[in-house]
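Nothing in this text is a laboratory measurement; each read-out follows from the coordinates by a stated rule. All of these numbers come straight from a predicted model, not from anything done at the bench. In this analysis, Cβ positions are derived from the backbone assuming ideal geometry, glycine residues included, and neighbour counts consider all displayed protein chains.
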Amino acid sequence: MDTDRLILTKEKPGSGNFTVYFFFLLLIYFISPVFAWEFISLEQSYTKKEYRIPMRDGVALFTAVYIPKDSLKQYPFLICRTPYSVGPYGENNFPSYRADAWEHLAREGFIFVYQDVRGRFMSEGKFVNMRPYIPNKTGKKQTDESSDTYDTVDWLVKNIPNNNGRAGIWGISYPGFYAAMGLMDAHPALVAASPQAPLADWFIGDDFHHNGALNITLAMNFFPSFGLSRKGLTTIWPAKFDFGTSDGYKFFLETGPLKNINKLYLDGKIPFWNDLMKHDTYDEFWQSRSTLKDYSQVSPAVMTVGGWFDAEDCFGALKTYQTIEKKNPGSFNILVMGPWFHGGWVRSDGDRLGDISFAEKTGEFYKDNIELPFFKFFLKDEGQLDLPEAFVFATGENQWYKFDRWPPENIKNSYLYLLPENKLSFQPPDSSEHSGFDEYLSDPKNPVPFTAQITTTMPKPFMVEDQRFVFERPDVLTYQTESLDSSISIIGPVKAQLFVSTSGTDADWVIKLIDVFPEASTGGSVKPQNKKMTGYQMLVRGEIMRGKFRNSYEHPEPFVPNEITRVEFTLNDIFHTFQPGHRIMLQIQSSWFPLFDMNPQKFLDINRASESDFQKAIQRIYHTFQSPSAIEFNILIKQ
């Protein structure tokens, strides 16, 4: 295209060649949206309008609407409701395509709608984090995100010219939660929705808690700025929390117990942090915010999107799809999972994460072959819809797969058992083995780090990071198979079934599933020129279980010191192929710091623990015939 432009500038007006080139480019302009986009900008092709859309209770929500200038056609709405600001504000100010990741859709023509949710930025009302859904609402006073979505769609259809009467809703992370909320009691005009990395449950598996353990790093990067009470309408973000250091490990270690965060830094001024500290079990506060109890009678077509290496809301994507599928048999409800970090399907090329290559630009593939066809088909009646029930990417072999259900049917259930001498085997412990265990000392003053990087955040690549940086720590137990003779593709959820004991009355149990690359520079997926990857211990999936919640999130139970206890929990789904020459490894530990707060290893309300409550503990993992610690998973049977 740059060459064509150069030729045009060299041709003299009136020449025959100029006429040929002009009509040639004009033809391409109409038949190739990608080419045409080089010659137009958002301002040239869209008109921006700003509205205050009234809700049923009189609260007005600030809404920016981008309308195609082509008034001869009718276009559908594509709505994103967000707590993160619809800026830039002002009808003459337009956003960057790349930042918002909607260029591929804008070329096709949609009426884009961005809305500040209730109580955020320029919208009126009171903001509530993960506002609970209210079924069977009565009167105009009862509102939630479902009703706000309904009222928004209703107003748009009636007031924005040249719309075709159809609307879709989408969003990533928190906006993904709002997209999911729009599915409940949906407006008839809302015919398609794509919750992407949606929040689903903030205590069990998303963002700020995993199995009851607090993601302290994410919480401190989020709530001190996001959780401030707003004083009137504003277009300005509050400043982020200043750690005063780049070393998050040292910062949280020196801060000590959770109650010190309010004492030293927040001064009780962050409402949701205060709520978080008050509710240390899965009580009504957290249960009411779970979306998984709802999703009955979903009428729009749904495409839920997530990333295998999303440290924040992989759980939300998988559970949202599964819940809708279970409660709405026969509806159009599909799942897309790729090799992505949080939002990586549109926030990156998706060709690699850290040291791990995925061999193609999976983000581009997703946008052009999955997301765009979905919205064009349901909102514009255009194109052919050839999307399967599950469109998933197999890491380890770097291949897209299509399945007619998730997990697929062609699978075989299997186990890997922990054995003496750090071995991992498909065969259980021998019946003669009655007293085998491994142990380590877990010290709250020297917790196991979650990343080798010096950081106060969650680095995107840590979800595939080489685990050799903790391999030789005495408080990390390691078990691995022999080198594999053939490939093994593990697909779906992975269940940890551990037999443990602790000298304390509470303990965290962290299990990490790892792909160990061959030590030699030949064979498997390691190329001779890529010596960095020899012996690489790629994290495939990791999860934590706060031990006191092993039987109930609502009613925690202490451990009996030194008594063998069964602890079971499920890791998020994976789809990973362990290649020939590789090994499968498990690492087990009792801290993952400061990704998650440190357990005092004493049964109590950790949010109110003092320095004196933290104690060392001897942790044991058993691998006997009577107490066979293992992981359970499914292996894909390839045709």
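Ranked highest first by average number of other Cβ atoms within 10 Å, how do 400-412, 499-511, 357-369 line up? Could the numbers behind the result be given before it?
Numbers: 400-412: 14.2, 499-511: 22.8, 357-369: 17.2.
Output ranking for 400-412, 499-511, 357-369: 499-511, 357-369, 400-412.
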For the stretch 213-287, with +1 on Lys and Arg beta carbons and -1 on Asp and Glu, the positive-most of Met220, Thr235, Asn262 along the dipole = Thr235
Cα-Cα over 20 Å: which of Lys460/Lys512; Lys327/Lys638; Lys460/Lys638; Lys240/Lys278; Lys140/Lys278?
-> Lys327/Lys638; Lys460/Lys638; Lys240/Lys278; Lys140/Lys278
Pairwise centroid distance, computed over Cα atoms, of the stretch 150-226 with the stretch 60-90, Å | 16
Inter-part distance where the stretch 355-420 and the stretch 425-490 are each reduced to a Cα centre, Å | 28
Given R₀ = 45 Å, FRET efficiency for Asp368-Ser432 by Cβ-Cβ distance, to 0.05?
-> 0.15
For the stretch 118-176, with +1 on Lys and Arg beta carbons and -1 on Asp and Glu, the positive-most of Ile160, Met130, Gly176 along the dipole = Met130
Using 13 Å as the cut-off for backbone N distance, which residues of the stretch 380-421 belong to the label zone defined by a point 7 Å from the Cα of Ile635 along Cα→Cβ?
-> 411-417
For the chain, calculated [θ]222 nm from helices alone, where every DSSP H run of n ≥ 4 adds -39500 (n - 2.57) | -5500 deg cm²/dmol
Whole-Hz ³J(HN,Hα) from phi, Karplus 6.51 cos²θ - 1.76 cosθ + 1.60, for the stretch 128-141, glycine and proline x | 10, 4, 6, 3, x, 6, 10, x, 6, 4, 10, x, 8, 7
Where the only charges are on Cβ atoms (+1 Lys, Arg; -1 Asp, Glu), what is the dipole of the stretch 213-287 about its Cα centre, to the nearest 20 debye?
-> 280
Find how much the distance from Asn413 to Ser331 grows on full extension, using 0.36 nm per residue of separation minus their present alpha carbon separation; answer in nm with one decimal.
-> 26.7 nm
Length gained, Val128-Lys445, 0.36 nm per residue minus C-alpha separation, equals 110.5 nm
Two-site label geometry, Phe241 and Glu50: point separation in nm, points 7 Å out along Cα→Cβ = 3.1
Taking only C-alpha pairs under 8 Å that are 6+ residues apart, what is the relative contact order of the stretch 411-636 in percent?
-> 38
Among the helices of the chain (complete DSSP H runs), which have Cα atoms covering no less than 18 Å along the helix axis and a Kyte-Doolittle mean of at least 0.5?
-> 16-31
How far apart, in nm, are the 7 Å Cα→Cβ label points at Asp355 and Asp70?
-> 4.9
If you work out volume of the Cα convex hull per residue in Å³ from the coordinates, which of [x] 147; [y] 181; [z] 306 do you get?
-> [y]
With unit charges on the beta carbon (Lys/Arg positive, Asp/Glu negative), name the residue among Tyr479, Ala452, Ser489 whose Cα is farthest towards the positive pole of the charge dipole of the stretch 424-562.
-> Ala452
So for R0 = 60 Å, FRET eff. of Glu421-Asn274 from the Cβ-Cβ r, to 0.05, ends up at 0.75
With no solvent and one point on each alpha carbon, what is the Debye value of log10 I(q)/I(0) for the stretch 411-636 at q = 0.15, 0.18 Å⁻¹?
-> -1.03, -1.42
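Let a ≥ b ≥ c be the square roots of the eigenvalues of the Cα gyration tensor of the stretch 213-287; is it rounded (a/c under 1.5), or, if not, prolate (a/b larger than b/c) or oblate? Working shown, then result.
On the way: a/c = 1.92, a/b = 1.06, b/c = 1.82.
Oblate is the answer for the stretch 213-287, as a/c is 1.5 or above yet b/c matches or exceeds a/b.
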Once Asn162 and Ser41 are pulled to full extension, the length gained, defined as 0.36 nm per residue separation minus their Cα-Cα distance, is 41.5 nm
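Can you work out the FRET efficiency for the pair Arg566 and Ile618, with r the C-beta to C-beta distance and R0 = 22 Å, to the nearest 0.05?
Numbers: r = 18 Å, r/R0 = 0.84.
Computed FRET efficiency for Arg566 and Ile618 comes out at 0.75.
So for the chain, averaging the separation of alpha carbon pairs under 8 Å that are six or more residues apart and normalising by length, what relative contact order in percent results?
Working: 1396 pairs, mean separation 85.6, N = 639.
About 13 percent, as a whole number.
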With each label point set 7 Å from Cα along the Cα-Cβ vector, what nm distance links Leu264 and Asn92?
-> 4.9
Antiparallel content of DSSP bridges confined to the chain, in %, to 5 | 70
